[in-house]
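Read through the structure below, which is laid out as C-alpha cells, and then see the notes.
Laboratory data are not the source of any read-out in this text; all were calculated from the coordinates shown. All values reported here derive from a predicted model rather than from experimental measurement. Note: ideal-geometry Cβ built from the backbone for every residue, glycine included; neighbour counts use all protein chains shown.
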Amino acid sequence: MQPYLDPDSATVIRNQAGASEEAGQLHPQVLNLIYTQKLFKLYLPAHLGGIDIDLPSLLGLLEAVAEADGSTGWVVTLCSGASWFAGFWPETLVREVFNRPDVCVTGSGAASGTATQTAGGYVVEGAWPYATGALHATHFTANCRILAPDGLPVLTESGQPLIRSFLFTADQVERLPTWSAVGMVGTGSHGFAVHRQTVSEERSFDINSPLQQTINVGNYPFLQLAEATLAVNFSGMARHFLALIGERVDSRLRSGAFTAEQARYVEQAMRAQRDLFMNHRGLFYEVVAESCRELDHSGEVTESTLRQVSNCSRQLAHTAREVVDRLFPYGGLETVKSGTELGRVWRDIHTASGHSLLTFPF
C-alpha cells in the first residue's frame with residue numbers, strides 16, 4: 001500500500017504530538033498543515049473546495065495520520081467526517097460553511113438536545129458531553145429530539161422519537177470544559193451547550209434522506225463508513241506502537257536485559273503479535289476494497305459484504321488493542337515514565353477504546 005501522508009507532514013505531526021498533548025489541543029503547526037492539505041474536507045469533492053479521493057485512499061490517509069499521532073488522527077477523522085454531512089445540505093450552505101480555509105466542523109451523535117418546532121425553524125437547547133476538536137471548531141453539529149410547538153415529542157411512523165441533526169456556528173454554542181481523559185489529550189474533546197437558539201430549517205438535516213450534493217463516498221452506508229474510519233485509527237496507533245516497542249525491545253536485547261530464555265520468548269511474542277495484527281489489517285483492507293468494487297459495479301453493497309466490513313473493522317480495532325497490551329510489558333519501566341512516546345500511544349489507544357462503536361470484536 002502506497003504512503004498516503006508525505007513523510008514531511010508525518011514528521012511535523014509526530015514532532016508536535018507532545019506539545020499538542022501538553023496544550024490539550026492540536027499544535028498550531030499541525031492545524032496549519034491540516035488546513036493547507038484540506039484534511040478537514042476529505043469528503044468534499046474538489047469542485048466544492050475539497051479533494052477528490054476514494055474510500056481505500058481515504059482510509060489509508062487516516063491510518064497514516066493516526067500512526068503519526070493518535071490525537072491528530074482522531075481529530076482529522078471525526079472533524080473531516082462532518083464534511084460527509086455536507087451531502088445533505090443545500091449547496092449555498094455547503095459553500096458558506098466550507099469556503100474558509102480554517103473550517104472545522106465537530107459535534108456529537110448523542111440525541112441529548114431538544115428542538116421545538118416554530119414557524120420556519122426550531123428553537124434548540126441541550127448539552128452534549130464530547131466534541132472532538134471543540135477548542136478550534138468553527139461549527140458544531142448535534143442531534144436533537146423534535147418537539148411539537150406544544151412541547152410534545154414528534155414521533156416517526158414506527159412510533160419512535162423523531163431525531164434530526166442541526167448545524168451551529170461556534171458563537172451559537174457554549175464550550176464546556178469536560179475533557180479530562182488520560183489519553184487523546186490533544187483532541188481537546190470538550191463538550192458544548194446550546195441555549196434556546198433559533199435555527200432555520202435550512203440548518204436542520206437528516207443523513208438518512210436523499211443526497212443533495214455529490215460528495216466523496218456519499219453513497220457508502222454511514223454505519224460501515226464510521227466503523228471503518230475509526231478502525232484505521234486503532235490500526236495506525238498500533239503500527240506506531242509496534243515500531244516503538246520494536247526499537248525498545250531491540251535495545252533491551254542488545255543490553256542483555258533478558259536471559260536467553262526470556263529473549264527467545266519475547267522475540268517469538270513480537271513476531272506472533274505482529275503477524276496477528278498484519279493479518280487482520282490485510283483482511284480489513286481486502287473486504288473494504290471488495291465493498292467498493294460492488295458499489296462501483298451495481299450502485300450498492302450487499303448485506304453480506306457490509307457485515308464483513310463491520311466485522312473486520314471491529315476485529316481490527318480489537319486486535320490492535322490486544323497486541324498493544326500483550327507487548328507493552330516488554331518495554332520495561334522506561335516505557336511508563338511520564339512523557340514517553342510509547343506511554344502516550346498506549347494511553348491514546350486505550351482512551352479511544354472508550355468509543356462505543358468498536359468496543360466489542362463482534
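Rounded to the nearest 500, what is the 222 nm mean residue ellipticity of the chain from helices alone, with -39500 (n - 2.57) per DSSP H run of 4+ residues and division by all residues?
Rounded to the nearest 500, the figure is -15500 deg cm²/dmol.
Need one word for the range 161-235: rounded, prolate or oblate. Basis is the Cα gyration tensor (sqrt eigenvalues a ≥ b ≥ c); a/c below 1.5 gives rounded, then a/b vs b/c decides.
Here the range 161-235 falls in the oblate category.
Between 282, 259, 269, whose Cα lies farthest towards the positive end of the dipole of the range 249-362 when Lys and Arg beta carbons carry +1 and Asp and Glu beta carbons carry -1, centred on the Cα centre?
Of the options given, the answer is 259.
Only bridges with both residues in the chain count here: give the DSSP antiparallel percent, nearest 5.
So the antiparallel bridges amount to about 75 percent of the total.
Quick check: net charge around residue 304, other residues with Cβ under 11 Å of its Cβ, Lys/Arg +1 and Asp/Glu -1?
Within the 11 Å Cβ shell, the charges total -2.
Could you order the peptides 46-56, 205-215 from most to least packed, using the average number of other C-beta atoms within 10 Å per residue?
46-56, 205-215
If you compute mean projected area of the Cα convex hull in nm² for the structure shown, which of (i) 19.0; (ii) 24.0; (iii) 17.7 do you land on?
So the structure-derived entry is (i).
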